[in-house]
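*Asks:* Got a structure for you, questions after.
The values are calculated or read from the model by the stated rules, or taken from the named source; none is laboratory data. Quick caveat, the model's predicted, so the values are computed rather than measured. Every residue, glycine among them, receives a Cβ derived from its backbone with ideal geometry; neighbour counts consider all protein chains shown.
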Amino acid sequence: MSERVLSARRLYAAFLVSACVLLTACSTSPKRQEYVTPNDVWEGRISVQVAGDTPQRLSADFFLEGTARRASLTLNSPLGTRLARMQWDATSATLEAGDQKRSFDSVDAMTNASLGGALPMQALFAWLHGRPETVPGWELQTLDMLHGRIRARSMDRTPSVQLDLVLEPR
């Protein structure tokens with residue numbers, strides 16, 4: 001073969017390799033934050049019911065990543081519209097809903113302001129890992145990790161709160 005044909009083939013091969021590398025780079029998923037491991041990511045459906053004079057119910061798709069001390073929770077409508085995004089760490093928490101952004105001193109303060117009472121976040125993450133952790137004032141009614149179902153209910157507070165999670169299989 002002539003030098004010209006070999007040079008053209010090398011150029012073509014270099015182009016194909018470069019194109020594959022670029023396409024692979026474009027298709028990689030964004031990196032998770034450094035505190036998140038594959039065991040710290042959940043998604044599915046969440047329902048929170050607050051009883052009282054004016055009962056409230058929140059039902060949404062959720063994507064949760066992190067730990068009880070540092071996490072991000074996104075709530076979406078069934079059509080995929082973002083309803084809210086909550087982020088927290090050991091010193092603060094933020095709640096974004098629509099065009100509003102509110103800051104709180106803690107995740108407990110954030111859930112208290114949103115739901116009228118704090119959720120047992122430390123226990124929630126234990127439940128998500130399949131550990132039936134007990135929490136004063138809360139009853140874990142269902143922990144069926146085989147079917148991805150968790151149900152917990154507050155026992156000694158008014159208004160009472162029921163939390164239901166249905167996890168997507170991984």
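*Asks:* What pairs can you find where one residue is in segment 67-78 and in a strand (DSSP E or B), the other is among the basic types (Lys, Arg) and surrounded by 18 or more Cβ atoms within 10 Å (Cβ to Cβ), and their Cβ atoms are less than 8 Å apart, with a gap of 6+ or different chains?
*Replies:* none
*Asks:* Related question: Being within 18 Å of ASP61 (Cα to Cα) and touching a Lys or Arg at 6+ places or on another chain (Cβ under 9 Å) narrows it down to one residue among LEU128, LEU163, LEU115; which is it?
*Replies:* Result: LEU163 is the single residue among LEU128, LEU163, LEU115 that is within 18 Å of ASP61 (Cα to Cα) and touching a Lys or Arg at 6+ places or on another chain (Cβ under 9 Å).
*Asks:* Of these, ASP156, ASP89, which one is out of contact with any Phe, Trp or Tyr (no Cβ under 6 Å at 6 or more places or on another chain) and over 24 Å from THR54 (Cβ atoms)?
*Replies:* The unique qualifying residue is ASP89.
*Asks:* Can you find even one residue in segment 102-110 that is among the hydroxyl-bearing types (Ser, Thr, Tyr), surrounded by fewer than 15 Cβ atoms within 10 Å (Cβ to Cβ) and modelled with pLDDT under 95?
*Replies:* No - not one qualifying residue is present in segment 102-110.
Here is a yes/no grid of residues against (1) surrounded by 14 or more Cβ atoms within 10 Å (Cβ to Cβ); (2) of a type in the set (A, V, I, L, M):
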| residue | (1), (2) |
| --- | --- |
| LEU83 | yes, yes |
| GLY98 | no, no |
| ASN112 | yes, no |
| TRP127 | yes, no |
| PRO136 | no, no |
| LEU146 | no, yes |
| ARG151 | yes, no |
| LEU163 | yes, yes |
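*Asks:* Can I ask one more? Under the condition of being of a type in the set (S, T, N, Q) and out of contact with any Leu (no Cβ under 7 Å at 6 or more places or on another chain), which residue from segment 94-133 is farthest from ARG70 (Cα to Cα)? First the steps, then the outcome.
*Replies:* First, the residues of segment 94-133 that are of a type in the set (S, T, N, Q): 94, 100, 103, 106, 111-112, 114, 122.
Then keep just the ones that are out of contact with any Leu (no Cβ under 7 Å at 6 or more places or on another chain); that gives 94, 100, 103, 106, 112, 122.
Details: THR94: 12, GLN100: 21, SER103: 15, SER106: 10, ASN112: 17, GLN122: 11 Å.
For segment 94-133, the residue satisfying everything is GLN100.
*Asks:* Listed residues ALA60, ALA90; which is exposed (fewer than 14 other Cβ atoms within 10 Å of the Cβ), touching a residue at least 12 places away in the same chain (Cβ under 8 Å) and aliphatic (A, V, I, L, M)?
*Replies:* ALA90
*Asks:* Based on what the data block shows, is ALA118 surrounded by 15 or more Cβ atoms within 10 Å (Cβ to Cβ) and small (Gly, Ala, Ser)? Walk me through it before giving the result.
*Replies:* Values: surrounded by 15 or more Cβ atoms within 10 Å (Cβ to Cβ): yes; small (Gly, Ala, Ser): yes.
Taking the combined requirement at face value, the residue satisfies it.
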